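Novice: First the structure, which I've put down as structure tokens, then a few questions once you've had a look.
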Amino acid sequence: MLAHARAAVNNSGVQLRLLTMNVNGLEEQRIGPRMEKLCLSILVGGDLMAALEGRATPPVPDVIVFQEMTRRAHMGQIRPHLLAAGFTLFPAKPPDGSEDYTLIAARRPWELGTTEVRTFEESPLARQYVVATLDGPAGRVRVLSGHMESLRSGGEVRLAQAMELDALLADSDLPAIFAGDTNLRDAEWAELAQGFRARDAFLMAGSPKQANATWWPEGSPRGFRFDRVWLSPGWTVEQLHTRRHGDVSDHAGVEVLLSR
């Protein structure tokens, strides 16, 4: 599934291509083949032969953020493939005692700088998010990613978590991006939207119909836009795509090309 926003690309200043995806790592069924397929799709557009023959394949993201990462997915497929493609990962190896965490990876011309993991101020599920500084040829940016509260009853908590992230984006001393699985329902977003200072990349891209859902309940054609990219002021959304990889995950990835 592919949705396009602006075709023109701004070649001046900062430009960054980012992919965010909940990889459904807690579902262990066929986890190895699923993660292998995901890496093949991201790194060579799903066409290994084209890559080997030197034919054109889709551009590889500069920055990748994965939610619901697990030790098995991390060490079995994600780490070796991304390292071979020139990415640096945080965390480099699975954190002790954690089987549900967020991973961020960057490759040249971007380099990972300072990184930290924070726990949301309000989270019965003890959800965390990553804050990373990236150093690039035209300056530094800050990238945040995480997996917000999942429970259907967690609406008030999700609102609090979204506002925490919004404050970090709006008050950041660097150009900043949040990309992750928000689990926000439409009604919750409607409640947030008017006072939200960060900008939603999907809305900036003109709300493309093909990208209006990123997660689908099992057996249901109706999807929800849980996976979002929020931006501090000053960014332009040059392109926005959704990547749906069949049985890889119950989520589609969201890929954006940003400039400023």
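Novice: Filter the range 130-139 down to residues that are of a type outside the set (Val, Ile, Thr) and crowded, with 16+ Cβ neighbours inside 10 Å and give me whichever is farthest from residue 172 (Cα to Cα).
Specialist: 136
Novice: Could you check the range 170-185 and list, in sequence order, the residues that are outside any strand (DSSP E or B) and of a type outside the set (A, V, I, L, M, F, W, C)?
Specialist: 171, 172, 173, 175, 182, 183, 185
Novice: Only one of (1) at pLDDT 95 or above; (2) under 26 Å from residue 70 (Cα atoms); (3) more than 19 Å from the chain's Cα centre (by Cα); (4) not charged (D, E, K, R) fails for residue 143. Which number is that?
Specialist: Status for residue 143: all satisfied but (3).
Novice: Could you check the range 192-238 and list, in sequence order, the residues that are at pLDDT 95 or above and part of a helix (DSSP H, G or I)?
Specialist: Those that are at pLDDT 95 or above and part of a helix (DSSP H, G or I): 201, 202, 203, 204.
Novice: Oh, and also: Would you pick out the residues in the range 67-94 that are under 15 Å from the mean Cα position of the chain (by Cα) and within 21 Å of residue 133 (Cβ to Cβ)?
Specialist: Within the range 67-94, 67, 69, 89, 90 meet the criteria.
Novice: Since residue 38 meets every condition but one in (1) at negative phi; (2) surrounded by fewer than 20 Cβ atoms within 10 Å (Cβ to Cβ), which condition does it not meet?
Specialist: (2)
Novice: Filter the range 143-169 down to residues that are crowded, with 20+ Cβ neighbours inside 10 Å and in contact (Cβ under 8 Å) with a residue 60 or more places away in the chain, then give me how many there are.
Specialist: Number satisfying all stated conditions: 6.
Novice: May I pose another question? Among the residues of the range 240-258, write down those that are crowded, with 19+ Cβ neighbours inside 10 Å and not in a loop (DSSP other than H, G, I, E, B).
Specialist: Passing the criteria: 240, 241, 242, 243, 248, 251, 253, 254, 255, 256, 257, 258.
Novice: Within the range 133-144, which residues are outside any strand (DSSP E or B) and either under 15 Å from residue 164 (Cβ atoms) or small (Gly, Ala, Ser) (or both)?
Specialist: Correct list: 138 only.
Novice: Kindly indicate which of 255, 218 is out of contact with any Gly (no Cβ under 8 Å at 6 or more places or on another chain), free of Cβ contacts under 8 Å to residues at least 60 places away in the same chain and among the acidic types (Asp, Glu).
Specialist: Within the list 255, 218, the selection yields 218.
Novice: Could you say which residue among 92, 73 is in contact (Cβ under 8 Å) with a residue 40 or more places away in the chain, over 23 Å from residue 198 (Cα atoms) and either assigned to a helix (DSSP H, G or I) or small (Gly, Ala, Ser) (or both)?
Specialist: Only one candidate qualifies: 73.
Novice: Turning to a different aspect of this structure: Tally up the residues in the range 50-70 that are in a loop (DSSP other than H, G, I, E, B), acidic (Asp, Glu) and surrounded by 17 or more Cβ atoms within 10 Å (Cβ to Cβ), please.
Specialist: 1
Novice: Exactly one condition in (1) at pLDDT 95 or above; (2) closer than 30 Å to residue 157 by Cβ; (3) part of a loop (DSSP other than H, G, I, E, B) is not met by residue 130; state its number.
Specialist: Just one mismatch for residue 130, condition (3).
Novice: Where residues in the range 95-121 are modelled with pLDDT of 95 or more and assigned to a loop (DSSP other than H, G, I, E, B), which of them is nearest to the chain's Cα centre (by Cα)?
Specialist: Within the range 95-121, the match that is nearest to the chain's Cα centre (by Cα) is 110.
The values are calculated or read from the model by the stated rules, or taken from the named source; none is laboratory data. Since the structure is predicted, the reported quantities are computational estimates derived from the model, not experimental observations. Heads up, the Cβs are rebuilt from the backbone with ideal geometry, glycines too, and the neighbour counts pull from every protein chain shown.
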